[in-house]
Amino acid sequence: MDCFRKCACVALVLAGLIGAASADDSVQSGRQVFEARCRTCHGGTGRADLPIGPSLSRIIGTKAGTQPSGVHSGAMMDSGIVWDRESLRRFLAAPRREIPGTLMPVAVTDPAELERLLDYLESFR
């Protein structure tokens, strides 16, 4: 293998390692957002500590209002939403605009904070 190919291989490996570390950092940062903004009502990564909001662990791919824990509004149960990154992004940025009648009182309005939170929630797949 010539020098150029060796350097290219090393660069690709390093880029992969840096990308993986960056993703890990985003998930850890998202966990901090969750702990600060969500945990009080939604509990930890298991069932919610308080019966206010549903557990958000493994919420990706589930239908809104069907999580076994927490209290769900009729509006949430009737929304027909299946949670994916985009539907969660819209909802978390403006819950009462996205689902009028929702019980969710808190919005995550900082776009960077919201993306880190979504990275964290996606890490439970």
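Quick notes
- Residues with amide H under 5 Å from that of S69, placed H, sequence gap 5 or more: S55
- Solvent-accessible area assigned to carbon and sulfur over segment 78-125 amounts to 54 percent, based on a 1.4 Å probe.
- Rounded, prolate or oblate (a/c below 1.5 giving rounded, otherwise prolate when a/b exceeds b/c) for segment 27-125 by Cα gyration tensor: rounded
- Heavy-atom accessible area per residue - segment 40-123, 1.4 Å, Å²: 51
- Pair A93, F124: separation of 7 Å Cα→Cβ label points (nm): 2.3
The values are calculated or read from the model by the stated rules, or taken from the named source; none is laboratory data. Only a predicted model underlies this, so the values are computations on that prediction, with no experimental measurement involved. Quick reminder, even Gly has a Cβ in these numbers, built from the backbone with ideal geometry, and neighbours come from all protein chains shown. Surface accessibility is based on the protein's heavy atoms, side chains included, excluding ligands, DNA and RNA. Shrake-Rupley method; radii C 1.70, N 1.55, O 1.52, S 1.80 Å.
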